[in-house]
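Undergrad: Just passing along the structure, written as structure tokens.
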Amino acid sequence: MSKDNKAYWKRNLKYLFGLLTIWFIVSFILGIVLADSLNSIKIGGFPLGFWFAQQGSIYVFVVLIFIYMRLMNRLDHEFEVDEI
Amino acid sequence: MGVQTWTFIIVGITFALYIGIALWARASTTKEFYVAGGGVNPIVNGMATAADWMSAASFISMAGIISFMGYDGAVYLMGWTGGYVLLALLLAPYLRKFGKFTVPDFIGDRYYSNTARTVAVICALMVSFTYVAGQMRGVGVVFSRFLEVPITQGVLIGMGVVFFYAVLGGMKGITYTQVAQYCVLIFAFMVPAIFISIQMVNNPIPQLGFGGTLSDGTYLLDKLNGLHIELGFSEYTQGTKPMIDMIAITAALMCGTAGLPHVIVRFFTVPKVRDARKSAGYALLFIAILYTAAPAIAVFARTNLITTVSNQKYSELPEWFNNWETTGLLAFEDKNGDGRVQYYNDKNEAYTEIAEQRGWKGNELTIDRDIMVLANPEIARLPNWVIALVAAGGLAAALSTAAGLLLVISTSISHDLLKKQILPGLTDRQELFWARASAAVGVCIAGYFGIHPPGFVAAVVALAFGLAASSFFPAIILGIFDKRMNMQGAISGMVIGISIMSLYILKFKFGVFDGGKEAVESLQSSWWFGVSPEGFGTIAMFVNVITALVVSRLTPAPPSEIRELVEMIRIPRGAAKGIVH
């Protein structure tokens, strides 16, 4: 692997790590592990933990994929590995 | 017009539309149509992926199962959408770059071995069969209600339709049919949701509506929690599953989603790696519309159901109640002979005393969870055409997924197994014959399980995800992210993963080793780590990964051309043209 490709892959892994951390926090931490304690906070009629588990996490998932798309397109361009 | 007439009209129109598109796309799948673009537009592909993947389980069963599980139903919501994030970030772009047609192709090439290919084929078949069985049940539920026949006949009719449809649609051009199916199913899902949301909480957006207030000023969720406690159930917004099981099921569904062969295949169709990323984003966006509305429908349906039937006179119940009784999916047994429906949690010991004081002698109403979405518009007294629309939507969901799955089943057998391995001299015609034959066998096996389901549609489908999580997911991920992973590691990982997963299902879901299905409930206390069969995919997956890593480090490294292959996959530039199917 050339040096550039290595750097490209490293950055890719860094992005993945960051995005998947958010993915893990909204679903497993806020939606499951902390759900009971978050339920004491209410937003409108929604207990917060319940809302994260059944609504919030899904919204975040969608946003995550589009952010990833953005980041990677820019990265591809920067390293000139994008498709012509 | 009656519901049945409307159903025939709307289902008839949508079917004509699908068949028309299939014929049109087939006729134009010649060079001039596709080669210029080199594949399918990513947004269109996203829509097709959404239809492919949102099955009868998502459409018919999920909201129903959530309405009975309350908070715990989140495992399906988070599991099936969160898996998309894994798919988009960890698999789709790389598999697109790799550019082969099937998942066994990837496994076979990456692990330079036909044994690996065969193992992958077997895993693909197990996953797809389990999944398609769930679809057949869903189709059966729809037909049995709207043709007013028992569920078994409903499944048989469904088998006929799916078989006809798969033979016709299991060819090129399936993408555009699925786009139409997405439109039908999302429209059919959202219309009643919006109606009911306006009716109950005066908010046209169901996603916000179920956190809204009723006409008397109380929050809908508070009211439902109150109703639940009054009838001995636990609060709707509180979980009853142990946390470890919640986590395990969610993770198994997530990784399973990412490992589903018929979904992965979709990403081979877009023109570029960049488009594969985009396509996954749009697919999840389209899926999220349904997935965020489902928990709202669950709350509406649950509240409506309880207020409509609880402690009401049987003779005065609305018509839908009797209609569903005919299917056998709803049953009332007047245990205390007072002519009223007592629906409560008779398994709750703390509640027994209250029930006895009221003269109740056990829960008198049994409801199949799979009917909730279909019955919901009837319970809310929506117009007949809406009810018919929901039937058409359910069929669209089931058919699009069944077609995608049967395609995987038939290509796995005819292409990956027969042509690539056992009978390399197969002509195209013979290959097609075998593809059709395996689709036919697939429909029959699926139909059998549709008639004798081991659980509710969503739960059966959950098992398929467990199988996918325990077999493919690690093999593909390691194939991309671990250059040192070799044939020996991947094969032993997949074999061990899917074996322990299957044994766990057989033992704890079917009670095979302990005297049949009756024993299943008593075995719950001996679940490993307190994890249910639905969640065991997570544990099997870890076992798979550890086995693969250990074995690969003890055996020779993969040849240098494989390392080059992996490096090639990681860089977007130079991807081959998209495949249209």
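Undergrad: From the list B:Ile480, B:Ile546, which residue is in a helix (DSSP H, G or I), closer than 30 Å to A:Lys6 by Cβ and free of Cβ contacts under 8 Å to residues at least 60 places away in the same chain?
TA: B:Ile546
Undergrad: Additional query: For the stretch B:339-355, give me the residue count where each residue is more than 23 Å from B:Glu235 (Cβ to Cβ) and either crowded, with 18+ Cβ neighbours inside 10 Å or modelled with pLDDT of 85 or more (or both).
TA: Qualifying residue count for the region: 1.
Undergrad: Another question, then. If B:Tyr76 satisfies all but one of (1) open to solvent by 10 Å² or more (accessible area, probe 1.4 Å); (2) facing chain A (nearest Cβ under 9 Å); (3) not hydrophobic (A, V, I, L, M, F, W, C), what's the number of the condition it fails?
TA: Against the list (1) open to solvent by 10 Å² or more (accessible area, probe 1.4 Å); (2) facing chain A (nearest Cβ under 9 Å); (3) not hydrophobic (A, V, I, L, M, F, W, C), B:Tyr76 comes up short only on (2).
Undergrad: Right, next: Which of the following residues is within 10 Å of another protein chain (Cβ to nearest Cβ), under 26 Å from B:Leu208 (Cβ atoms), small (Gly, Ala, Ser) and in contact (Cβ under 8 Å) with a residue 40 or more places away in the chain: B:Ala251, B:Ala301, B:Ala283?
TA: Unique residue meeting the criteria: B:Ala283.
Undergrad: So, in the stretch B:171-194, exactly how many residues are open to solvent by 30 Å² or more (accessible area, probe 1.4 Å), part of a loop (DSSP other than H, G, I, E, B) and not charged (D, E, K, R)?
TA: 1
Undergrad: Related question: So B:Ala540 ticks every box in (1) surrounded by 19 or more Cβ atoms within 10 Å (Cβ to Cβ); (2) over 24 Å from B:Tyr94 (Cβ atoms) but one. Which box is left unticked?
TA: (2)
Undergrad: In the stretch B:242-281, which residues are farther than 19 Å from B:Asp52 by Cβ and basic (Lys, Arg)?
TA: Scanning the stretch B:242-281 gives B:Lys272, B:Arg274.
Undergrad: Within the group A:Ile25, A:Ile65, A:Ile29, which residue is within 30 Å of B:Ile66 (Cα to Cα) and open to solvent by 60 Å² or more (accessible area, probe 1.4 Å)?
TA: Answer to the check: A:Ile25.
Undergrad: In the set B:Ala391, B:Ala402, which member is within 25 Å of B:Leu17 (Cβ to Cβ), modelled with pLDDT of 80 or more and of a type outside the set (D, E, K, R)?
TA: On inspection, the qualifying residue turns out to be B:Ala391.
For every residue, the table says whether it meets (1) within 14 Å of chain A (Cβ to nearest Cβ); (2) under 17 Å from B:Val263 (Cα atoms); (3) touching a helix residue (DSSP H, G or I) at 6+ places or on another chain (Cβ under 7 Å); (4) of a type in the set (Gly, Ala, Ser).
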| position | (1), (2), (3), (4) |
| --- | --- |
| B:Ile60 | no, no, yes, no |
| B:Ile65 | yes, no, yes, no |
| B:Met69 | yes, no, no, no |
| B:Leu125 | no, yes, yes, no |
| B:Val132 | no, yes, yes, no |
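Undergrad: Out of everything in the stretch B:195-211 that is among the β-branched types (Val, Ile, Thr) and either touching a helix residue (DSSP H, G or I) at 6+ places or on another chain (Cβ under 6 Å) or not in a helix (DSSP H, G or I) (or both), what residue ends up being nearest to B:Ala288 (Cα to Cα)?
TA: Within the stretch B:195-211, the match that is nearest to B:Ala288 (Cα to Cα) is B:Ile205.
Undergrad: Between a residue in the stretch A:8-31 that is closer than 13 Å to B:Leu90 by Cα and any residue that is open to solvent by 60 Å² or more (accessible area, probe 1.4 Å), which pairs come within a Cβ distance under 7 Å, given they are 6 or more apart or on different chains?
TA: Between residues of the stretch A:8-31 that are closer than 13 Å to B:Leu90 by Cα and residues that are open to solvent by 60 Å² or more (accessible area, probe 1.4 Å), the close pairs are A:Leu19/A:Ile67.
Undergrad: Test of understanding: among B:Asp416, B:Asp428, which residue is charged (D, E, K, R) and open to solvent by 10 Å² or more (accessible area, probe 1.4 Å)?
TA: B:Asp428
Undergrad: Can you report the number of residues in the stretch A:31-84 which are part of a loop (DSSP other than H, G, I, E, B) and either more than 9 Å from chain B (Cβ to nearest Cβ) or within 14 Å of A:Tyr15 (Cβ to Cβ) (or both)?
TA: 4
Undergrad: Out of the residues in the stretch B:465-487 meeting the condition of being small (Gly, Ala, Ser) and within 17 Å of B:Met501 (Cβ to Cβ), tell me which one is surrounded by the fewest Cβ atoms within 10 Å (Cβ to Cβ).
TA: Among those residues, the one meeting the criterion is B:Ala475.
Undergrad: Here's another thing I want to ask about it. Within the stretch B:196-223, take every residue that is crowded, with 18+ Cβ neighbours inside 10 Å and small (Gly, Ala, Ser) and give me the one that is farthest from the other protein chains (Cβ to nearest Cβ).
TA: Taking the candidates together, the pick is B:Ser197.
Undergrad: I'd like to verify a number: residues in the stretch B:239-273 that are farther than 26 Å from A:Leu48 by Cα, in contact with an Asp or Glu (Cβ under 7 Å, 6 or more places away or on another chain) and among the aliphatic types (A, V, I, L, M), how many?
TA: Final tally of qualifying residues: 2.
Undergrad: Any idea how many residues of the stretch B:212-233 are assigned to a loop (DSSP other than H, G, I, E, B) and either within 16 Å of B:Ala298 (Cα to Cα) or of a type in the set (A, V, I, L, M, F, W, C) (or both)?
TA: Residues in the stretch B:212-233 being assigned to a loop (DSSP other than H, G, I, E, B) and either within 16 Å of B:Ala298 (Cα to Cα) or of a type in the set (A, V, I, L, M, F, W, C) (or both): 4 in total.
Undergrad: Same structure, new question: Suppose the filter is surrounded by fewer than 19 Cβ atoms within 10 Å (Cβ to Cβ), assigned to a helix (DSSP H, G or I) and within 13 Å of chain A (Cβ to nearest Cβ); does B:Ile244 pass it?
TA: For B:Ile244, the condition - surrounded by fewer than 19 Cβ atoms within 10 Å (Cβ to Cβ), assigned to a helix (DSSP H, G or I) and within 13 Å of chain A (Cβ to nearest Cβ) - is met.
Undergrad: Somewhere in the stretch B:309-322, is a residue more than 14 Å from chain A (Cβ to nearest Cβ) and touching a helix residue (DSSP H, G or I) at 6+ places or on another chain (Cβ under 6 Å)?
TA: Yes: one or more hits.
Undergrad: Among the numbered conditions (1) of a type in the set (A, V, I, L, M); (2) open to solvent by less than 10 Å² (accessible area, probe 1.4 Å); (3) within 14 Å of chain A (Cβ to nearest Cβ), tell me where B:Ile264 comes up short.
TA: Checking B:Ile264 against (1) of a type in the set (A, V, I, L, M); (2) open to solvent by less than 10 Å² (accessible area, probe 1.4 Å); (3) within 14 Å of chain A (Cβ to nearest Cβ), the one that fails is (3).
Condition check ((1) open to solvent by 10 Å² or more (accessible area, probe 1.4 Å); (2) modelled with pLDDT under 85; (3) outside any helix (DSSP H, G or I)) across all residues:
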{"residue": "B:Gly281", "(1), (2), (3)": "no, no, no"}
{"residue": "B:Phe286", "(1), (2), (3)": "yes, no, no"}
{"residue": "B:Thr292", "(1), (2), (3)": "no, no, no"}
{"residue": "B:Ala298", "(1), (2), (3)": "no, no, no"}
{"residue": "B:Asn304", "(1), (2), (3)": "yes, no, no"}
{"residue": "B:Thr308", "(1), (2), (3)": "yes, no, no"}
{"residue": "B:Phe321", "(1), (2), (3)": "no, no, no"}
{"residue": "B:Asp334", "(1), (2), (3)": "yes, no, yes"}
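Undergrad: Step by step: first the residues of the stretch A:9-19, then only those that are open to solvent by less than 40 Å² (accessible area, probe 1.4 Å) and more than 7 Å from chain B (Cβ to nearest Cβ), then the one that is farthest from the chain's Cα centre (by Cα). Which residue is that?
TA: Among them, the one singled out is A:Asn12.
Undergrad: Please find, within the stretch B:147-159, the residue that is farthest from the chain's Cα centre (by Cα) out of those that are of a type outside the set (Val, Ile, Thr) and open to solvent by less than 10 Å² (accessible area, probe 1.4 Å).
TA: If we take residues in the stretch B:147-159 being of a type outside the set (Val, Ile, Thr) and open to solvent by less than 10 Å² (accessible area, probe 1.4 Å), then B:Gly154 is farthest from the chain's Cα centre (by Cα).
The values are calculated or read from the model by the stated rules, or taken from the named source; none is laboratory data. Since the structure is predicted, the reported quantities are computational estimates derived from the model, not experimental observations. As a convention, Cβ positions derive from the backbone with ideal geometry for all residues, glycine included, and neighbour counts pool all protein chains shown. What goes into the accessible areas is simple: the full protein's heavy atoms, side chains included, and nothing from ligands, DNA or RNA. Shrake-Rupley method; radii C 1.70, N 1.55, O 1.52, S 1.80 Å.
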